[in-house]
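Have a look at the structure below before the remarks.
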Amino acid sequence: MKSLFRLDSPVMQMLSKVADLMIVNLLFWLCCLPVVTAGASLAAMHKVTQSIALEEDGGVVKPFFRAFRDNFKQATLGWLVVIVLLAGLGADLILSISYLTGNTLLACKWICAVVAAIVLAISEYYFQLIVRYENTMRQHLMNSAILALVKLPRTIAMMFLTLLPLLIALVSMNAFVSTMIFWVIIGFAFISYAQASLMRPVFRQLEKAEGPNVQLMD
């Protein structure tokens, strides 16, 4: 029984990860409040959860705010691009529903869905890459697009995790309300941790290659 409470025991290590994820989740919520900083907050959360998933020492609070500061420009620009594109697609969809019918409307819906999926797929990798590698925004976007296509099954899994709260709400609003406490306390950090775990072999592959388009951050 005493071995369960040793600092290096699996139980204590799991509890330590849960506590770290709860702290990260709180920091993510707080730094998202101005809305425009949501991208930098998301990037900072990914940085910390990557460290947890890859078992890299470094703490939680200081690395979060360091990543928030260091990646603010690229993360904020990327976030704004994603929001503008998705908002534009939403507006196009509303106009299509208002003025089109039949097969034309169906085609517009599919086009909007496909473009939205592409934007989301690229963004999944973009925010993961900017906090781990030092590169230009253009190169990060290119690498993200390539990875989204080459690692398609992993891409779908990451997109599913990102959309999980929305999917739960669409299936059952009662279920979403029932799990609200989970999302507030740890949910988004848990999703980020799961995505970082999916990215672990990708990072290893990239860092093993150390090609000209992959430059590790100090």
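The values are calculated or read from the model by the stated rules, or taken from the named source; none is laboratory data. From a predicted model like this one, the values you see are computed outputs, not experimental measurements. Backbone-built Cβ (ideal geometry, glycine too); neighbour counts: all protein chains shown. Only protein heavy atoms, including side chains, enter the accessible area calculation; ligands, DNA and RNA are left aside. Shrake-Rupley method; radii C 1.70, N 1.55, O 1.52, S 1.80 Å.
Structural remarks
- Overall, the accessible surface of segment 1-160 at a probe of 1.4 angstrom is composed of carbon and sulfur to the extent of 73 percent.
- Long-range Cα-Cα pairs in segment 1-116 (distance over 22 Å), rounded percent: 54
- Loop-located GluC sites (Glu not before Pro) across segment 111-218 with a Cβ neighbour count of 10 or fewer within 10 Å are Glu210, with loop assigned by DSSP.
- Qualifying lysines (Cα of each under 26 Å from Cα of Lys47; at least 8 residues distant if same chain): Lys17, Lys62, Lys73, Lys151, Lys208
- Scaled against the 2.2 N^0.38 Å expected of a compact globular protein of N residues, the Cα radius of gyration of segment 72-168 reads 1.21.
- Sites Ala116 and Met12 - FRET efficiency at Förster radius 45 Å, r taken between beta-carbons, to 0.05: 0.60
- Cα-based radius of gyration for the chain, normalised by 2.2 N^0.38 Å, reads 1.11.
- Springs join every pair of Cα atoms under 10 Å in this Gaussian network model of the chain, and among Ile146, Ile111, Ile122 the largest mean-square fluctuation is at Ile111.
- Computed on segment 1-159, with alpha-carbon pairs under 8 angstrom and 6+ residues apart, the relative contact order is 19 percent.
- Normalised by 2.2 N^0.38 Å, with N the number of residues, the alpha-carbon radius of gyration of segment 65-107 equals 1.84.
- Ellipsoid equivalent to segment 114-203 - semi-axes via the Cα gyration tensor, in Å: 26, 15, 11
- For the pair Ala87 and Val150, a Förster radius of 25 Å applied to the C-beta separation gives a FRET efficiency near 0.30, rounded to the nearest 0.05.
- Using the Cβ-Cβ distance between Phe182 and Leu77 with R0 set to 45 Å, the FRET efficiency works out to roughly 0.90.
- Averaged per residue, the chain has 59 square angstrom of accessible surface, using a 1.4 angstrom probe with ligands and nucleic acids left out.
- Remark: spin-label model distance Ser197-Leu170 equals 2.4 nm, labels positioned 7 Å along the Cα→Cβ axis.
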